[in-house]
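Single-structure report; data block below.
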Amino acid sequence: MTSPAQASQSAPSAPHPHPRPLRILLVDDEAGFREMAAEHLESAGFEVEQAGGGREALEILKVRTFDLAVFDLKMPDMSGLDLLTRVKSDLPEIEVLILTAHGGVDTAVEAIRRGAHHYLVKPIKLAELQAALERAAEKTALNRRQAGETAVRAHRQSYRAGEFLATGPRTRELLETTAHAAAGAFPVLIEGETGTGKELLAQFVHRRSPRHQGPMVAVNCGLLSESLLERELFGHSRGAFTGASDSRAGLFEAADGGTLFLDEIGEASPNVQVALLRAIETGMFRRIGEVRERFADVRIVAASNQPLAKSAETGRFRTDLYHRLNVVNLRIPPLRERPEEIVPLAETFLSRLWPESRFLDDARAALQSHPWPGNVRELQNAIERTVYLCRAGSAGKMTGTVTAQMLGLTAAVPPPGPAMDLDGAERAHIQATILHFNGDKRAAAGALGITLRHLYRKLKKHDLSV
């Protein structure tokens, strides 16, 4: 942005660096000043609408939306203070500058108290007005970013609170099967690729089970080392290892009377698998460092992003533990196997974050053709990112429409042809995503809807060095 020192009345600054021109409502009963100010601000890249008084301004605000406003304090039909009160009550997001003569400074200070961004004392240099508006624009952009972040956080919290979205016949059938399985007491194994919603389905099992009033405790077996996972699951006694200054209960005890969710169970080490098998079969376990056995009444729900049957066949996973967990098997199909659900899911996410918006046809086509290797999580992240960027930069704010370009899917890898298998499609998509983010793997992982650690495993799997 142009600084006040750089701005001048005779040499206006370069166009304003925003996705679209910022819209200003300029309200002043002095027509000459309005015309000069509007000409200067428009040459600086703003879009200016003029009004000669407060009532005219209110009529304009009924049909148009503005980012910023400039109100003269003294006008014949309505004071700038009254106009400010009306506008901030109905449209609090508009930042307002007040123009006042020397004698009106006290009233201008009152305007600040009522929500005005700043006030300027007449006579005003146009460069000074421009600089003040640019500072107000920075606050507007910050407010939009914060509003976008708040909406995304609220959406994630509500989505992760246990709602498995079923927008098609396959997932509705899956939920019906899950509801029947939830009524029992036996273990449940949920299988599905990363990002399909395995933990959400586990939460659904718990909520529909007779144990729904008990705790649900979750642990990701793939994120912890063998020793740390064992401690987390079974707890430890004081002095059991260096640094164990107090006894500590494990997750089995914490989940007593409820549900224990073992995410990515296939990543657990052989030793942990042995301990898990006995605890699941008998409910008995020992804290690390203790001799006496403890009992916990726990229902096990486990999840894996790889078919455990294959891991059991190759010896990577204990066959007896697999059969103990696989009493009921729930498989969540990836998005590519249920393409009819992609757009309805995206519309659900969009409507919660930005209710007044909609996808244009090109956005729908891009959503439908994208491979979504990160599944629902990747789709959710894409919508959240789009809404955040739109609110932060105002792109699409006025029309409420979302295009393929706004989604960032115009350069997406096209669906694989007959000669490319799923591994090849995944490899190509990961490579294209990392290149899109100029090698920033953390950003690429976020866009793909997976953890950075998981991304590195994928890079190793596909022998990629991007």
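The values are calculated or read from the model by the stated rules, or taken from the named source; none is laboratory data. These figures come from a predicted structure and were not determined experimentally. Cβ: placed from backbone, ideal geometry, glycine included. Neighbour counts: every protein chain shown.
Things worth noting here:
- Residue in region 274-282 that is surrounded by fewer than 21 Cβ atoms within 10 Å (Cβ to Cβ), at negative phi and in contact with an Asp or Glu (Cβ under 7 Å, 6 or more places away or on another chain) present: yes
- For region 288-321, residues that are part of a loop (DSSP other than H, G, I, E, B), more than 34 Å from the chain's Cα centre (by Cα) and closer than 20 Å to G184 by Cβ total 2.
- Selection status of L83, assigned by TED's automatic domain parsing to the domain that holds E49 and buried (at least 23 other Cβ atoms within 10 Å of the Cβ): yes
- Residue in region 328-348 that is among the hydroxyl-bearing types (S, T, Y) and more than 23 Å from Q203 (Cα to Cα) present: no
- Residue check for F285: within 37 Å of the chain's Cα centre (by Cα), crowded, with 22+ Cβ neighbours inside 10 Å and aromatic (F, W, Y): no
- In region 104-149, of all residues being among the polar types (S, T, N, Q) and touching an Asp or Glu at 6+ places or on another chain (Cβ under 7 Å), the one that is modelled with the lowest pLDDT corresponds to N143.
- Residue satisfying condition, being closer than 20 Å to L120 by Cβ, surrounded by fewer than 21 Cβ atoms within 10 Å (Cβ to Cβ) and under 32 Å from the mean Cα position of the chain (by Cα), within set R64, R23: R23
- Among residues of region 115-134 that are assigned to a loop (DSSP other than H, G, I, E, B), those with a Cβ under 6 angstrom from a residue that is surrounded by fewer than 20 Cβ atoms within 10 Å (Cβ to Cβ), sequence gap 6+ or separate chain, pair up as G115/K88; K122/A101.
- Residues of region 47-102 that are over 21 Å from G400 (Cα atoms) and in contact with a Pro (Cβ under 8 Å, 6 or more places away or on another chain): G53 alone.
- Residues of region 249-303 satisfying the condition of being hydrophobic (A, V, I, L, M, F, W, C) and in contact with a Pro (Cβ under 6 Å, 6 or more places away or on another chain): A255, I300
- Among (1) within 20 Å of S311 (Cβ to Cβ); (2) under 33 Å from the mean Cα position of the chain (by Cα); (3) at pLDDT 90 or above; (4) not charged (D, E, K, R), the one test that I280 misses: (2)
- Count of residues meeting criterion [in contact with a Leu (Cβ under 8 Å, 6 or more places away or on another chain) and of a type outside the set (G, A, S)] in region 286-307: 4
- Close Cβ contacts (under 6 Å, 6 or more residues apart or on different chains) running from residues in region 245-264 that are within 15 Å of R287 (Cβ to Cβ) to residues that are aromatic (F, W, Y) comprise G250/F234; F252/F285.
- Enumeration of residues in region 206-251 that are basic (K, R), closer than 15 Å to A296 by Cβ and in a loop (DSSP other than H, G, I, E, B): R211
- Check on M36, more than 22 Å from T140 (Cα to Cα), in contact (Cβ under 8 Å) with a residue 60 or more places away in the chain and either in the same structural domain as A101 (by TED's automatic domain parsing) or surrounded by 22 or more Cβ atoms within 10 Å (Cβ to Cβ) (or both): yes
- Residue match in region 443-455 (condition: among the charged types (D, E, K, R) and modelled with pLDDT of 75 or more): yes
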